[in-house]
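First comes the structure, then the notes that go with it.
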Amino acid sequence: WPYYLAALAFGYLLGTIPFGLILTKLGGHGDIREIGSGNIGTTNVLRTGSKKLAAATLLGDALKGTVAVLIAARFGPDTALIAGFGAFLGHLFPVWLKFKGGKGVATYLGILLGLYWPMFLIAALTWVGMAVVFRYSSLSALTASAVTPIILYFGFSQFQLGEMFLVLTLLLWAKHHENIGRLLKGQESKIGKKSRPAE
Ligand code: G3P
C-alpha cells in the first residue's frame with residue numbers, strides 16, 4: 001500500500017497544476033476566476049477570446065492526467081488507476097486554490113486516454129458530436145461522462161475501470177450543478193460566447 005499512497009499523492013500533485021489559471025495570467029488576461037463562469041477550465045479560457053490559450057489549457061489539463069497514469073503504470077495497473085484518481089481529485093480540489101479547482105472534463109479525458117484509449121476515443125467523439133449539434137460545452141461533458149462508465153462496464157467488460165469512472169462521473173456532475181441548473185433554465189452560454197459575467 002505505500003505504492004498506492006505514493007501514487008495517490010503523486011497524481012494529486014500533478015492534478016493540482018491549474019493550467020487555465022496560469023496560462024491566462026501569463027497571457028495578460030488577469031484572473032480567469034473573474035471572467036465568464038469563473039471556472040479555470042478550457043471553456044472559460046475560450047471566453048477570454050484566445051483560442052490558443054484555450055487549446056493549451058485543454059492539452060495541459062488533459063495531459064497531466066495522462067502523464068500521472070502512464071508514470072504510475074510502471075508500478076502496476078492498480079497503481080495507475082489510483083494515480084489517475086488522484087489527478088482528478090487534484091484538479092477538482094487543488095490545495096493551492098483553497099480546494100476550488102476545475103470541473104474536470106479535460107482531466108477526465110486525459111486519464112481515460114492513459115488508462116483505456118478506445119473508450120477515450122468514444123468519449124471524445126461523443127463530446128465533439130454533442131458540441132457540434134448543441135453548442136453547449138457542459139452538456140457535451142455531461143453526456144460523454146454519462147456514457148463512459150456504462151460502456152466501460154457493459155461494452156468493454158472493464159468492471160474495475162467502469163466503477164472508477166462512475167465515481168469520476170458523479171464528481172464531474174456534482175461540479176457541474178450550476179451548469180445543469182442553467183441548462184434546465186435555458187440560460188447556459190454557448191461555446192465561444194464571451195459575454196456571460198462572472199457569478
Ligand atoms: O468543462 C467545463 C465545462 O463543461 C463548463 O465550463 O466555464 O461553462 O462552466 P463553464
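With +1 on each Lys and Arg Cβ and -1 on each Asp and Glu Cβ, how big is the dipole of segment 1-152 about its Cα centre, in debye rounded to the nearest 20?
In debye, rounded to 20, segment 1-152 gives about 340.
To the nearest 500 deg cm²/dmol, what mean residue ellipticity at 222 nm is calculated for the chain from DSSP H runs of n ≥ 4 alone, each contributing -39,500 (n - 2.57), summed and divided by the residues?
Calculated at 222 nm, the ellipticity per residue is -21500 deg cm²/dmol.
Would you mind checking the pairs LYS25/LYS52; LYS51/LYS98; LYS52/LYS190; LYS64/LYS100; LYS103/LYS193 and listing those with alpha carbons more than 24 angstrom apart?
Beyond 24 Å: LYS51/LYS98.
Could you do me a favour and compute the accessible area per residue for the chain, 1.4 Å probe, result in Å²?
Solvent-accessible surface per residue comes out at 50 Å².
Over the chain, what relative contact order in percent results from Cα pairs under 8 Å that are six or more residues apart?
With pairs under 8 Å counted, the relative contact order is 24 percent.
Roughly what percent of Cα-Cα pairs across segment 135-199 reach past 13 Å?
66 percent
Membrane-span-like helices in the chain: DSSP H runs reaching 20 Å or more (Cα, own axis), mean Kyte hydropathy at least -1.0?
51-72, 77-92, 117-134, 137-150, 159-175
Can you give the FRET efficiency to the nearest 0.05 for PHE156 and VAL132, using r as the Cβ-Cβ distance and R₀ = 30 Å?
FRET efficiency, PHE156 to VAL132: 0.75.
How much of the calculated P(r) for segment 1-152 lies past 23 Å, in percent of all Cα pairs?
Across segment 1-152, Cα pairs with separations above 23 Å total 35 percent.
Can you sort MET119, MET164, MET130 by solvent-accessible area, 1.4 Å probe, largest first?
The most accessible residue leads, giving MET130, MET164, MET119.
Rounded to the nearest percent, how much of the accessible area of segment 107-199 (1.4 Å probe, protein heavy atoms only) is carbon and sulfur?
70 percent
Using per-residue counts of other Cβ atoms within 10 Å, averaged over each peptide, order 54-62, 184-192 from highest down.
So the peptides 54-62, 184-192, ranked by packing, come out 54-62, 184-192.
The values are calculated or read from the model by the stated rules, or taken from the named source; none is laboratory data. Owing to the predicted nature of the structure, the values given are computational and were not obtained by experimental measurement. All Cβ positions, glycine included, derive from the backbone under ideal geometry; neighbour counts span all protein chains shown. We work out accessible area using only protein heavy atoms, side chains counted, and drop any ligands, DNA or RNA first. Shrake-Rupley method; radii C 1.70, N 1.55, O 1.52, S 1.80 Å.
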